[in-house]
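K.L.:
Got a structure for you, questions after.
The values are calculated or read from the model by the stated rules, or taken from the named source; none is laboratory data. What you see is a predicted model; the values in this text were computed from it and never measured. Please note: Cβ atoms are built from the backbone with ideal geometry, for glycine as well, and neighbour counts cover all protein chains shown. Areas reflect the complete protein model, heavy atoms only, side chains present, ligands, DNA and RNA absent. Shrake-Rupley method; radii C 1.70, N 1.55, O 1.52, S 1.80 Å.
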Amino acid sequence: MRILNPKLSLFLLLAIITLPAFAEVKLPAFFSDGMVLQQQTSANLWGIATPKKKITVTTGWDQKQYTVTADASGKWKLIVTTPVAGGPYEITFNDGQETTLKDILVGELWICSGQSNMEMPMKGYKNQPIDNSNMDVLKSRNPNLRLFTVKRTSTLKPQTDVVGEWKEAIPENVYEFSATAYYFGRLVQEITEVPVGLILAAWGGSAAEAWMTEDWLKAFPDAKIPRTDEDIKSKNRTPTVLYNGMLHPLIGISMRGVIWYQGEDNYNRSHTYADMFTTLINGWRLEWKQGDFPFYYCQIAPYDYGIITEPGKEPINSAYLREAQAQVEHRVTNSGMAVLLDAGMEKGIHPSNKRAAGERLAFLALSKTYGIKGISGDSPYYKSMEIQGDTAIVSFERAPMWITAENFESKNFKIAGEVKVFYPAKAWISRSKVYVKSEEVKKPVAVRYGFENYVKGDLFGCNGLPVSSFRTDNW
C-alpha cells in the first residue's frame, strides 16, 4: 500500500479546510430556469455565494453587468432593471464560477395563495371534479404561461427557500396545478398578450392566522403562537407556521400582485375576520416593500356547513364570514372581491366551477390593474334601504346598468319586522331597485338577501357578476 508524504497530507488537509463555503452562487428555487420576472421594474435578486466574494450578474436582455459583494455569511442581494415583456433570456451569475439561468421570460408575475379552493388542482380531488377540466387541460399548452408550486411546508421559524420548480403550461403540468390560479393566469395572459408567471403557495384547510406573523396577530389574543415544535398541533392551522414555511421565502420577489382564496377555515370566527384579513393584507404589503400592490380575493362560495357548535343553538351561518370578506374591499385600497354566490355546492365545500373563480379574479385584475376599459370586475353592492308602507326598497351601488334576475324576480330575500323574525319574501326588480314584501310582515324593518350557509345566488349586475349576500340589520 502506498503511503502519502506527511507534508503532502498536511497540505491537502489544509486545502480542504480552507475551501470556500460555497463553490458557486446558490439561488432560491424560484430564481431558476424557466422563471418569469416582473416586467418594467426594479427586480430583486438574491442568493448565497462565497463570503466576501464579489458577484457579477449579467442580464441577457441588455447585457448590463451588476456587481455586489456577499456579506460575511455569504448572503447577497441586488436590484436589476427589467425591460418590457419578452424573452426568453438568460441571466449569468459569476463569483469565479458561472451559474446561468436559461429560458427566462419577462412579463407579469402573480402570487396565488390561500387554502384548498386555491390549491385544488385541475385534476380535482377524489370524487370532486373540476368542470370541463379534461378539455381545458388538453388545450392548455402555452409557452408564455409558467407555473410554480411551493411545496407544503410548516415551520416554527421563518425559512429562506422553498421546494418547487418552474414548469411550462402543458397538459401534464396544468393537470397538477391550481385550477383557480390557472384560469386566472390563462385569461390574463390571453388578454395582455405577455408572459405570465404564477407562484402557488396554498395549503388546504389552512387558517388565515397560519399566514400571518406573531406581530400582526397581537391584536387577536385567541391566536396561540407556537413556541416549540410540540406547539404545532395542526400543520396548516397553527398561527405563523405557513407564513414561516411558505410565504417568508417569497417576500421581496418583485411581482404584480396577489390573488387569494381562503376563509372556509375561519367561517366559525367571522367576528374577527374583517380585521384579521385587513391586517394580513397590510402586513404582506409592509414586508414586501412594494407599495399597495393589487390584492384580489374570492368570497367563499355557499356551502351547507350544518355544524351545531353548542346544544340548542342553530348552526353557524357562514354568511357572516362572507359579510366580513365583503367589508375588506371597502377598507383596503387596491383590492377587490370576486363574488361566488352563484357558484357554490350545497354538499361540496370544493365547488367544481373553478373557472368562475379564476376568471372573476382576472376581471378584477384586467379592469383595475391593467386598465382595460369597457369591462368591470366589481359586483353590485348593497347601498341603502327605504320603507314605503309594507314594502322595503333596496338600492345598489356599482351597478351603472342596474341589476337583473331571471324574470326580474329573486327567490332569496327574507324580510323582518320589529320582532326580528325573518320570513321568505317576494322580491321583484323595477328599474334600478329591488322591492321586497311579505304578507307576514306589515311593517318591515330589515331585509336579508342570500344570507344562508347555502344559497344559489340569483341577483346579478348587468356585467354578469352576482350580488353578494347581504343584510340591512346588525342583529
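K.L.:
FRET efficiency for GLU452 and LYS52, Cβ-Cβ distance as r, R0 = 56 Å, nearest 0.05?
P.N.:
Working: r = 64 Å, r/R0 = 1.14.
E between GLU452 and LYS52, to the nearest 0.05, is 0.30.
K.L.:
Explain nothing, just compute: Karplus ³J(HN,Hα) = 6.51 cos²θ - 1.76 cosθ + 1.60, θ = phi - 60°, for every residue of region 203-213 in order, whole Hz, x for Gly and Pro.
P.N.:
So the Karplus estimates, Gly and Pro as x, are 9, x, x, 6, 8, 4, 4, 5, 9, 10, 8 Hz.
K.L.:
Quick check on packing: order 316-328, 373-385 by the mean number of other C-beta atoms within 10 Å, highest mean leading.
P.N.:
Working: 316-328: 21.2, 373-385: 17.0.
With the highest mean Cβ count within 10 Å placed first, the list reads 316-328, 373-385.
K.L.:
Could you give me the percent of Cα pairs per 10 Å distance bin for region 319-475, shortest bin first, beginning at zero and ending with the bin that holds the maximum distance?
P.N.:
11, 39, 35, 13, 2
K.L.:
Assuming 0.890 mPa s and 25 °C, estimate D for region 101-175 with Stokes-Einstein, Rh taken as the Kirkwood radius over Cα pairs, in µm²/s.
P.N.:
So the translational diffusion coefficient is about 169 µm²/s.
K.L.:
Can you list residues from other chains, or at least 5 along the same chain, whose modelled amide H is less than 5 Å from the amide H of TRP260?
P.N.:
Under 5 Å from the amide H of TRP260: SER113, TYR296, TYR297, CYS298.
K.L.:
Highest mean first, what order results for 171-179, 292-300, 419-427 on Cβ atoms within 10 Å? Walk me through the numbers on the way to the answer.
P.N.:
On the way: 171-179: 20.3, 292-300: 22.6, 419-427: 15.3.
Going by the mean number of other Cβ atoms within 10 Å, highest first, we get 292-300, 171-179, 419-427.
K.L.:
Using +1 at the C-beta of Lys and Arg and -1 at the C-beta of Asp and Glu, which of THR228, THR279, GLN325 has the Cα lying farthest in the positive direction of the dipole of the chain?
P.N.:
Of THR228, THR279, GLN325, it is THR228.
K.L.:
Which order do peptides 445-455, 81-91, 42-52 fall in by mean Cβ count within 10 Å, highest first?
P.N.:
445-455, 42-52, 81-91
K.L.:
Straight-line reach from LYS26: which lysines have a Cα under 22 Å away, not including same-chain ones fewer than 8 places off?
P.N.:
The reachable lysines, counting only those whose Cα sits under 22 Å from LYS26, are LYS52, LYS53, LYS54, LYS64, LYS75, LYS77, LYS102, LYS151, LYS157, LYS167.
K.L.:
GLU418 to THR333: FRET efficiency via 1/(1 + (r/R0)^6), r the Cβ-Cβ distance, R0 41 Å, to the nearest 0.05?
P.N.:
Values: r = 39 Å, r/R0 = 0.94.
The computed FRET efficiency comes out at 0.60.
K.L.:
Also: Between ASP71 and GLU165, how high is the FRET efficiency from 1/(1 + (r/R0)^6) when r is the Cβ-Cβ distance and R₀ = 41 Å? Nearest 0.05. Walk me through the intermediate numbers first.
P.N.:
On the way: r = 28 Å, r/R0 = 0.67.
It comes out at approximately 0.90.
K.L.:
Here's another thing I want to ask about it. Would you kindly derive the ³J(HN,Hα) couplings of region 340-347 from the backbone phi angles with the Karplus curve 6.51 cos²θ - 1.76 cosθ + 1.60 (θ = phi - 60°), listing them in order in whole Hz, with x for Gly and Pro?
P.N.:
10, 5, 9, 10, x, 9, 4, 10
K.L.:
Starting from the eigenvalues of the Cα gyration tensor, five times each then square-rooted, give me the equivalent ellipsoid semi-axes of region 55-204, largest first, whole Å. Before the final figure, lay out each step's value.
P.N.:
Details: eigenvalues 206, 85, 26 Å².
For region 55-204, the semi-axes come out at 32, 21, 11 Å.
K.L.:
Please list the three semi-axes, largest first and in whole Å, of the ellipsoid equivalent to region 357-423, using sqrt of 5 times the eigenvalues of its alpha carbon gyration tensor. Present the calculation step by step, with values, prior to reporting the outcome.
P.N.:
On the way: eigenvalues 208, 33, 28 Å².
The three semi-axes for region 357-423 are 32, 13, 12 Å.
K.L.:
Per residue of region 446-455, in order, report the coupling 6.51 cos²θ - 1.76 cosθ + 1.60 (Karplus, θ = phi - 60°) as ³J(HN,Hα) in whole Hz, putting x for Gly and Pro.
P.N.:
Going residue by residue, I get 8, 10, 10, 10, x, 8, 9, 4, 10, 7 Hz, with x marking Gly and Pro.
K.L.:
While we're on this one: Can I get the semi-axes of the chain's equivalent ellipsoid? Compute them from the C-alpha gyration tensor as square roots of 5 times the eigenvalues, in angstrom, largest first.
P.N.:
Semi-axis lengths for the chain are 50, 25, 19 Å.
K.L.:
Here's another thing I want to ask about it. Accessible area of the chain with a 1.4 Å probe: how many percent of it is carbon plus sulfur? Please report the intermediate quantities before stating the final value.
P.N.:
Values: 11270 of 22050 Å².
Summing carbon and sulfur atoms, their accessible area is 51 percent of the total for the chain.
K.L.:
To continue, here is another question. Taking amide H positions as placed in the peptide plane 1.01 Å from N, state which residues far from THR69 in sequence (5 or more) or on other chains have amide H under 5 Å from it.
P.N.:
For THR69, the qualifying residues are ILE55.
K.L.:
Lys pairs in region 363-467, Cα-Cα under 13 Å, at least 8 apart or on separate chains: how many?
P.N.:
9
K.L.:
A follow-up question, please. Mind putting a number on the dipole of region 202-319 about its Cα centre? Charges go on the C-beta only, +1 for Lys and Arg and -1 for Asp and Glu, and I need it in Debye to the nearest 20. Display every interim value, and only then the final one.
P.N.:
Details: 11 positive and 15 negative charges, 56 e Å.
With only Lys, Arg, Asp and Glu charged at Cβ, the dipole is about 280 debye.
K.L.:
Now, a different point. Could you work out the helix-only [θ] at 222 nm for the chain, with each DSSP H run of four or more residues adding -39,500 (n - 2.57) and the total divided by the number of residues, to the nearest 500 deg cm²/dmol? Spell out each step's value before the answer.
P.N.:
On the way: 8 runs with 80 residues, N = 475.
Mean residue ellipticity, 222 nm, calculated: -5000 deg cm²/dmol.
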